[in-house]
């Protein structure tokens with residue numbers, strides 16, 4: 001048992017962080033660091049799992065066998081991402097079952113974007129292009145997060161996300177270059193997802209009270225507004241390339257800043273969705289709850305089968 | 001009927017012949033065979049491996065990070081174990 005007092009331990013901890021030494025599961029860490037990470041990683045895991053639902057909606061209706069195979073692979077990746085992340089959170093002492101129950105009771109949060117419906121096939125393209133694109137912007141800096149297991153999980157996730165974004169952009173760009181109806185479908189999808197995608201980066205820096213501490217701990221490496229700006233700056237050119245219009249009349253290149261100026265985000269809508277009042281919040285949580293309840297017999301059967309196999313091995 | 005949680009397993013993957021197995025993460029499974037099957041689906045979807053080891057996490061014994069300074073001290077202080085500790089005169093090669 002260490003005889004150091006808490007101030008000493010905290011000083012040593014911050015010195016490690018400042019020297020870019022990763023923190024590993026059994027290392028001493030301040031309770032706040034552990035709690036912040038557990039909340040962030042489990043929310044991230046929940047987002048991956050809930051994120052399977054809007055796309056799962058189109059697996060049976062994908063327009064070709066190729067698109068169906070691609071979409072299946074993508075949704076399977078999301079399940080894997082959720083699993084890497086739950087595992088990373090478990091290294092901090094997270095109780096996985098409890099954390100999943102918190103999601104189902106509405107106590108735990110997940111990314112607001114997945115509470116929007118996927119109305120047309122074009123949404124599969126837009127989600128890959130914008131939602132996975134925004135996720136990559138968020139996640140690439142997390143590969144350098146100070147907590148080892150989270151950073152390692154993010155490296156794997158980022159490698160896989162890049163396929164997700166490209167397949168999405170391919171869908172959008174094919175539609176945008178197709179018939180007028182197809183182009184309209186792509187534009188309509190962009191109109192619906194653009195603003196929710198910008199909200200994915202979270203509140204403005206002035207309204208993000210925990211950000212400063214997270215940056216000091218190197219849990220976060222860039223601010224919400226920096227990442228959002230970066231996303232807009234790279235995405236505008238991609239939309240222009242395929243001939244689609246970003247639904248923001250205030251969007252304008254600012255020569256002095258070397259960035260785009262953009263319109264005001266509807267934070268009231270963001271808060272409503274976060275609080276559970278988005279178009280699909282109830283549907284998403286119901287689907288997750290049903291999956292857990294209706295799958296209970298499978299988990300029990302697997303336990304019974306494992307017991308049986310163990311007994312058989314012992315008698316040999 | 002048992003409704004207990006599946007145990008946690010640590011997963012090790014050999015990425016190709018000639019390399020050792022390396023820890024890649026963990027997962028939950030009812031037994032070892034299911035852990036291997038799940039590890040294939042979770043950690044080798046893109047040809048990352050040709051061999052998988054799994055071990056129940058509770059069976060791993062780890063050194064204590066709080067004591068790592070004392071524990072690893074003997075290797076820190078014996079710099080004469082490294083070839084760079086010795087002077088080799090100019091003109092000597094193949095050494």
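Assorted remarks:
- Solution diffusion estimate, µm²/s, Stokes-Einstein, segment A:72-123, Kirkwood Rh from C-alpha pairs, 20 °C, viscosity 1.002 mPa s: 165
- Part-to-part distance (alpha-carbon centres) for segment B:35-95 and segment A:113-138, which is given in Å: 41
- Size-normalised alpha-carbon gyration radius of segment B:2-81, reference 2.2 N^0.38 Å: 1.46
- Counting every pair of alpha carbons in segment A:136-269, the share spaced more than 24 Å apart comes to 40 percent.
- All C-alpha pair distances within the protein assembly as shown, sorted into 20 Å bins from zero, spread as 22, 51, 23, 4, 0 percent across the bins.
- Neighbour-count order for A:280, A:145, fewest beta carbons within 10 angstrom listed first: A:280, A:145
- Based on Cα contacts under 8 Å between residues 6+ apart, chain B shows a relative contact order of 26 percent.
- Ellipsoid equivalent to segment A:237-304 - semi-axes via the Cα gyration tensor, in Å: 44, 17, 11
- Square roots of five times the Cα gyration tensor eigenvalues for segment A:199-255, Å: 28, 12, 9
- Mean per-residue shielding of peptide A:297-305 is 4, counting Cβ atoms of other chains within 10 Å of each Cβ.
- Over segment A:1-143, relative contact order from alpha-carbon pairs under 8 Å, at least 6 apart, %: 28
- Normalising the average separation of contacting C-alpha pairs (under 8 angstrom, six or more residues apart) by the number of residues puts the relative contact order of chain A at 19 percent.
A short reminder: the numbers here are calculations on the coordinates, not readings from a lab. Everything numeric in this text was worked out from a predicted model, so none of it was measured. Backbone-built Cβ (ideal geometry, glycine too); neighbour counts: all protein chains shown.
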